[in-house]
1. Of all residues in region 255-269, how many are without any contact (Cβ under 8 Å) to a residue 60 or more places away in the chain and either more than 10 Å from Gly302 (Cβ to Cβ) or charged (D, E, K, R) (or both)?
2. Which one of these does Trp115 not meet: (1) over 17 Å from Thr216 (Cα atoms); (2) open to solvent by 50 Å² or more (accessible area, probe 1.4 Å); (3) modelled with pLDDT of 85 or more?
3. Search region 486-503 for residues being of a type in the set (A, V, I, L, M) and assigned to a helix (DSSP H, G or I), and hand back the single one that is nearest to Val457 (Cα to Cα).
4. Can you name the condition, by its number, that Thr445 falls short on among (1) closer than 21 Å to Arg578 by Cβ; (2) among the β-branched types (Val, Ile, Thr); (3) in contact (Cβ under 8 Å) with a residue 12 or more places away in the chain?
5. Cβ contacts < 8 Å: first residue closer than 15 Å to Thr804 by Cβ and β-branched (Val, Ile, Thr), restricted to region 747-765; second residue open to solvent by 80 Å² or more (accessible area, probe 1.4 Å) and assigned to a loop (DSSP other than H, G, I, E, B), any location; separation 6+ or different chain. Result?
6. Pick out the one residue from Leu287, Leu279 that is closer than 20 Å to Glu48 by Cα, of a type outside the set (Phe, Trp, Tyr) and either touching a Cys at 6+ places or on another chain (Cβ under 6 Å) or open to solvent by less than 70 Å² (accessible area, probe 1.4 Å) (or both).
7. Could you say which residue among Ser451, Ser429, Ser422, Ser435 is surrounded by fewer than 11 Cβ atoms within 10 Å (Cβ to Cβ), under 30 Å from Lys569 (Cβ atoms) and at pLDDT below 75?
8. Might you let me know whether region 98-112 holds any residue that is over 18 Å from Gly160 (Cα atoms), free of Cβ contacts under 8 Å to residues at least 40 places away in the same chain, open to solvent by 70 Å² or more (accessible area, probe 1.4 Å) and of a type in the set (Lys, Arg)?
Amino acid sequence: MANTPIVTNKGKKGLRQKLIVSMLLVGAVPLAIGLVMAFFQGTKEIREVSGTSFEALATESARKIDLILNDELANTSQITTDVNIIKALEIRRDQLDDYGDKALQTLIAQEAQAWLEEDPELVQRLMQNDLVVTLRQYYGGSYVDPGHPIPVITRSATRGLFITDEAGRLTATLNAKVPYAHSQEPWWQGAFKNGVGQPYITNVAFDERLKVYTFTLSLPIMDSLRYQVVGVLHRIYDAKEFFSSHIDTIRFGETGHVMLIDGNGTVLSCPVLPTGTRLSDPQIIPLVTPMQNGWTPAPSDGHGGVRSSIIGFAPLPKTSRITQESTGMGWHMFVWQSSDELFAPIEHLFTWVAVFGLLSIILLATLGYFAASRIVIPIRRLQETAKLIGHGDWQEPINIKTGDEIEELADEINRMNRQLASAFAGLESEVETKSQEVQYLQESTAQILDSVPDPVVMLDQEQQIVYLNRAFKAAFHLSDGPVEGTSLFTILEADSGTEQKIEKEFQSMGAYFTGEPPESSAPSLNTEGLRDPLQQAVYRTAASDRQEIHVNGQIYRYQWFGVRARPGKNQQVGLVFRDVTEESRLQDRLIKEEKLASLGVLSSGIGHELNNPLVGVIGLGEAIQDEENPSQIKEYALSIVQHGRRMATIIRDLTGQATSQFKEQLSEVNVNEQLEHALNGVKETYDTLFMDIQIDYQDLPGLMANPQELRQAFANIIANAVQAMGDQGMLKIATVVRDHQIQVTIEENGCGIPHHLLPKIFDPFFTTKQQGEGAGLGLTIARRIIQKYSGQIQVTSKEGEGTTCQITFPLSHHRSSDKKEGAS
């Protein structure tokens, strides 16, 4: 065979490149995943370790500051127990008893004005009395336990120390820059507490007189009996000076420190933030001010930075109880360190590992290049050989010695080469054999179709004849000449109506040919379930719905069927015709005989129903001829009239005059109301005392109908149901809208109707009751009325299990009922 040039696929990635990329991915992806996991795990562990450490530091710092504040509270409380101070305040209390409320308010206002105007006498009396001397002694440390002297820091941080009486008036003070009246101050009211007394600590605030941020401690001074508050001791502290020596010294790292804040996030003391400022991020305030120790990751550092950080926190246990009772907020210790400094070790580690990883990837790429070269060269030889074999260029065996799977692959290609050479040697004879088999199958199929007694024709998409069998040619008197390629209606002489019908049916087969939906005007055919043309068909449809054509005085029924096309060929459809001329005549004769039989049953019923009252009329007439008593003659005449009315009623019910007596005027009827009226009428006629009547009326749209006719139809059906149950049972009446129809269901659990009698229940005069109990026209009239309004009635029953009657009206009837009324 001639040598065929080898065509390479340019633009595709070579095997060598793929191997290198694969080795890089195998090495780089796990490395990257490991780096990311190590970074996040390290960050998590540092966060947890740092958080725990910060929590411990915050707890210890909070305990230390709490001890300092409680010691200050204890030292200051010694002033409130001084006997001289208590006696002086009790004297002022007794003096106030001589004043009424109004006089006392006037006195306080006059003294406050004098204090504001720095009246020398008042200033001297309040700043140079015995109580002031006592305060100075306590302030200087003379009265304090020598083992626990007042710290220098406490004295230097004190910006004010004064005493008020029970009216809130200034009694003694070490500082003139304080107000005179204090009874309206929150700290005074909190410490006085209606005469009971309790410690009160305020939050940090800026003092306009002292020009510094301060917090205050207020303690009640009880009388000598420890029963009632006689005054309040108030001490003002410089917050920064009081806490800074204890808090500013607690530092770690370059940025780590602790700070004291209140529940509002206001700084009491911090080495970085000034006292009195609030944390810059309000979101972290609720995170760091709970009443228990802990740590938390925060969205910011609270110092103006926006990077997330780790914060430890702890409340001052004893002090926070006092401040919560005083201001509703606790004091909290806040421990913080810069995130840059906190996570610097893990970031440095990540950087170094990333550098080493990059070097590893470069090394992997170099090794991958050399390894791929040793693999790709023999594989390319195999590729070139395979292409030559594919083009039929057999060549010498491949000689590859790699000692691995590539060498085994070369051996397999050599073996395949030899097998292909031997296989192609007998391929042509095999193709010839298969072609003969196909031809045999085609001839066999044609012989089978020619042996079928029914005419069969096959059409393509253009309605051109592809094939027709011998029976078709004989039935339609065709010659033996070729007819393939001609139109079906060229050889099928049918009327124009039949041609149009078959044309539309063929158009509806468009989905079978192309998969597209048929035209809306074409009749709907189930192309997926096209019937086997050799299967015997049983036609039970109405004559107008049958697929029939009339040709040459004969009646043919036809059926479409699908023909599976060979690969590469278009789909085809076929028609099978069956001569049903004799069968159609027999069927028409059978229908006529059934009508005559029904007419005989109807005549027999009329004779039977009219015979009884007619015999009574004849007998009463003969009796009148022989009767001489006028009253008896009148009674006989009345009976004759009753028999006559009964015969008139039977004739009126039979001819439909019972329903035509109502006014033929339609209106929008509420079906539920007509059911209720019909049920009430039946209750008045029959004994329903021991019956269980269940009603389930759903909301229904209006129905255009004659209400009296509809009520009579419902009454006839309900009356039959009540009669079937006797004097007890369960009757269910329900209405609902379902599937665009009004559905009425009447169900009873009486004796039921035998299966063989169900088809006769709507026949005139058919009844299972005793003679005289019913004429057998109730259901006949009811169905006639329901069908008049496009409704349907269906009765199902099982003997011994009761009967169910379902009535349906289409919702569209209220729009078209006027047109149908005339047709009815």
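The values are calculated or read from the model by the stated rules, or taken from the named source; none is laboratory data. Small disclaimer: the values here were computed from a predicted structure and weren't measured. Every residue, glycine among them, receives a Cβ derived from its backbone with ideal geometry; neighbour counts consider all protein chains shown. Heavy atoms of the whole protein, side chains included, go into the accessibility calculation; ligands, DNA and RNA do not. Shrake-Rupley method; radii C 1.70, N 1.55, O 1.52, S 1.80 Å.
1. Restricting attention to region 255-269, the residues satisfying the condition of being without any contact (Cβ under 8 Å) to a residue 60 or more places away in the chain are 265, 269.
Keeping just the survivors that are either more than 10 Å from Gly302 (Cβ to Cβ) or charged (D, E, K, R) (or both) gives 269.
Here the count works out to 1.
2. Single failed check for Trp115: (2).
3. Narrowing region 486-503 to residues of a type in the set (A, V, I, L, M): 488, 491-492, 494, 502.
The next check asks that each one be assigned to a helix (DSSP H, G or I); those that pass are 488, 491, 502.
Details: Leu488: 9, Ile491: 11, Ile502: 14 Å.
Among them, the one singled out is Leu488.
4. (3) is the only condition that Thr445 fails.
5. Every condition considered, the pairs that remain are Ile753/Thr768; Ile753/Glu799.
6. Working: Leu279 fails: closer than 20 Å to Glu48 by Cα.
The unique qualifying residue is Leu287.
7. Values: Ser451 fails: at pLDDT below 75; Ser422 fails: under 30 Å from Lys569 (Cβ atoms); Ser435 fails: at pLDDT below 75.
Just one listed residue meets the conditions, Ser429.
8. Yes, that holds for at least one residue.
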